[in-house]
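One structure is given below, encoded as structure tokens.
The values are calculated or read from the model by the stated rules, or taken from the named source; none is laboratory data. Owing to the predicted nature of the structure, the values given are computational and were not obtained by experimental measurement. Quick reminder, even Gly has a Cβ in these numbers, built from the backbone with ideal geometry, and neighbours come from all protein chains shown.
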């Protein structure tokens with residue numbers, strides 16, 4: 001009799017799970033958990049205008065903001081004075097004003113934090129169209145030094161590049177190459193966020209999320225930012241390599257580290273690491289290059305696939321009942337990893 005009662009309990013439990021799955025499907029709910037959307041706080045502690053001297057004797061008027069809009073650029077004072085008086089603020093100058101004043105700017109006197117963070121310095125483009133001997137052109141060089149014919153050059157170094165071994169990549173348009181080296185294009189929807197990869201369980205210990213936006217008022221999208229969720233922390237890397245922690249600009253010196261979770265800045269990338277799990281590089285221009293630890297091979301899912309050394313099964317769509325279903329439809333695969341409520 002006891003055995004019969006136990007069987008009844010098991011049957012009822014299974015039937016209860018089945019009903020919950022049916023109810024979830026009817027209510028268009030999912031048994032998958034999704035990371036919360038983290039709004040970026042662009043507010044600035046200092047309001048109003050600012051005056052900056054990017055080159056000796058040349059003054060520009062701008063406005064203070066936590067992040068400069070697309071029509072403007074952050075401009076630095078060559079004497080390293082804080083034009084807005086606060087680390088949370090930038091002195092933003094309209095692009096048309098920079099172009100207008102650029103003939104007065106002397107390249108070797110421009111203080112460009114962007115160029116310095118890339119390990120270089122601003123110098124005039126020589127007649128041969130190259131940096132000086134012993135130096136090489138930095139990636140995305142021209143915008144780093146404000147002025148046409150003024151380029152960010154960095155010392156030529158030997159050895160392996162920083163991203164050696166980072167075979168997985170997401171870059172403009174956007175193009176994807178999964179952990180198992182399957183390449184595909186997925187445009188997604190601008191203004192929406194997608195799971196790039198996560199621990200493939202219903203309550204993951206981490207999520208890595210990309211946010212897409214439209215490129216230059218076209219129908220093509222690009223990766224506007226990438227957010228790493230670990231426990232109650234969310235680190236967001238945005239264009240121009242600003243770093244936000246839980247939506248607030250991170251002004252603490254790098255490397256920043258809490259437990260196994262760390263962020264550091266290198267010459268041309270920001271690197272986020274979760275020890276024994278994964279690391280990723282972000283170039284501040286829409287390119288993401290993650291790699292996972294061998295302990296997670298076959299245990300991740302998302303737009304980067306499952307890292308099981310088989311590219312043929314990378315396209316797995318999320319089903320509302322908490323399972324994964326294989327597909328060959330790129331659109332259906334990508335759409336299934338959209339984070340509800342992120343658009």
Among (1) buried (at least 16 other Cβ atoms within 10 Å of the Cβ); (2) farther than 17 Å from residue 327 by Cα, the one test that residue 176 misses: (2)
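Let's see how each residue does on (1) closer than 20 Å to residue 190 by Cβ; (2) touching a helix residue (DSSP H, G or I) at 6+ places or on another chain (Cβ under 6 Å); (3) modelled with pLDDT under 90:
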| residue | (1), (2), (3) |
| --- | --- |
| 250 | no, no, yes |
| 261 | no, no, no |
| 275 | no, no, no |
| 298 | no, no, no |
| 302 | yes, no, no |
| 305 | no, no, no |
| 324 | no, no, no |
| 329 | no, no, no |
| 343 | yes, no, yes |
Which numbered condition residue 246 fails, given (1) surrounded by fewer than 21 Cβ atoms within 10 Å (Cβ to Cβ); (2) free of Cβ contacts under 8 Å to residues at least 40 places away in the same chain: (2)
Selection within region 237-254 - more than 13 Å from residue 285 (Cα to Cα) and outside any strand (DSSP E or B): 246, 247, 250, 251, 252, 253, 254
Criterion violated by residue 321 - all others in (1) touching a strand residue (DSSP E or B) at 6+ places or on another chain (Cβ under 7 Å); (2) more than 30 Å from residue 145 (Cα to Cα); (3) in contact (Cβ under 8 Å) with a residue 24 or more places away in the chain satisfied: (1)
Given (1) out of contact with any strand residue (DSSP E or B) (no Cβ under 8 Å at 6 or more places or on another chain); (2) crowded, with 16+ Cβ neighbours inside 10 Å; (3) closer than 15 Å to residue 178 by Cβ, number of the condition residue 308 does not satisfy: (2)
Wholly enclosed strands (runs of 3 or more DSSP E) of region 57-108 bearing at least 2 residues surrounded by 15 or more Cβ atoms within 10 Å (Cβ to Cβ) and touching a helix residue (DSSP H, G or I) at 6+ places or on another chain (Cβ under 8 Å): 58-65, 72-74
Hits in region 311-343 - residues which are assigned to a strand (DSSP E or B) and surrounded by 14 or more Cβ atoms within 10 Å (Cβ to Cβ): 316, 317, 318, 324, 338
Yes/no for residue 236 being on the phi < 0 side of the Ramachandran plot, surrounded by fewer than 18 Cβ atoms within 10 Å (Cβ to Cβ) and outside the structural domain of residue 115 (by TED's automatic domain parsing): no
